[in-house]
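Rule-based calculations on the coordinates, nothing more; no lab input. Note that the structure is predicted; figures quoted are calculated from it, not measured. Backbone-built Cβ (ideal geometry, glycine too); neighbour counts: all protein chains shown.
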Amino acid sequence: MLKALSAKRAYSLAERHQPIAFAEFRHFWDYSCEIFEGFPAALTRPPAAYYWCRTDGEKWYYIGYALYHAQDWAAWPADLLPGECHQYDFEAVLCRIPYYLPHHEPKRGVDYITVHHHELLTFSAPAALRPAIFIEAGGHGIEGLPRLDGKNVLTIEDWRLIPLDPIMENPKRREGIRQIFNNCGVHLPDQWSNHGQYPGWFWHRPDDLFAALFK
């Protein structure tokens, strides 16, 4: 059974293994920000990422980073499809890191799963300590390998890290956010799936999710 880590250890791990992101930028809605009560977009420097950490205490750490955007959008009129634009957006990357003790040198190698709209994508970086990700403009789907193609991108190596556990463990706040998100077709981590498969495993069963997707 996986366990959560102390706040200090969780932050240390989240900081050390935070994603290196290439975020396509075409609108201020493409900037990852904090979820405030009332949900206005509040842009901070650096961009915000919500994190959580779990471990089996022997082999792996599981570290998640969720990115909130105030709006999912599409350019007008050519790229606009029914239902494509909506308020709020929440997608993420989940990392599997080899276990190591505090104050020891981390072991290299990271496997990671990204939330790309309604599917989960898998990637491995055997020599890396941090995942490299590409975040598309508009829909904010996250891919594992940078796909720059001359696009206007923000390179993000340091995030404003915010723990997600206080939200997910507070029923009133969690369900309030869930209702607002779900009304716009947006999910929280305990609802993410791969086209309906493995619902909620991203949050509740990361070890089983990696076992299922990395066969």
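Here are the numbers for this structure:
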read-out: Overall dimensions of the chain as given by Cα atoms, namely Rg and Dmax in Å; value: 16.5, 54
read-out: For peptides 103-109, 163-169, 150-156, sequence by mean Cβ density within 10 Å, most packed first; value: 163-169, 150-156, 103-109
read-out: Where Cα atoms sit under 24 Å apart: lysine pairs in the chain separated by 8 or more or lying on different chains; value: 9
read-out: Angle in degrees between helix 171-183 and the longest Cα principal axis of the chain, rounded to the nearest 10; value: 40 degrees
read-out: Degrees separating the helix 7-16 axis from the principal Cα axis of the chain, which is the longest one; value: 70 degrees
read-out: Net +/- balance of residues flanking Pro106 in space, Cβ distance below 15 Å, scoring K and R +1, D and E -1; value: +4
read-out: Calculated FRET value between Arg173 and Arg26, using beta carbons and R₀ = 30 Å, to 0.05; value: 0.45
read-out: Local net charge near Pro46, Cβ-Cβ under 10 Å (Lys/Arg +1, Asp/Glu -1); value: 0
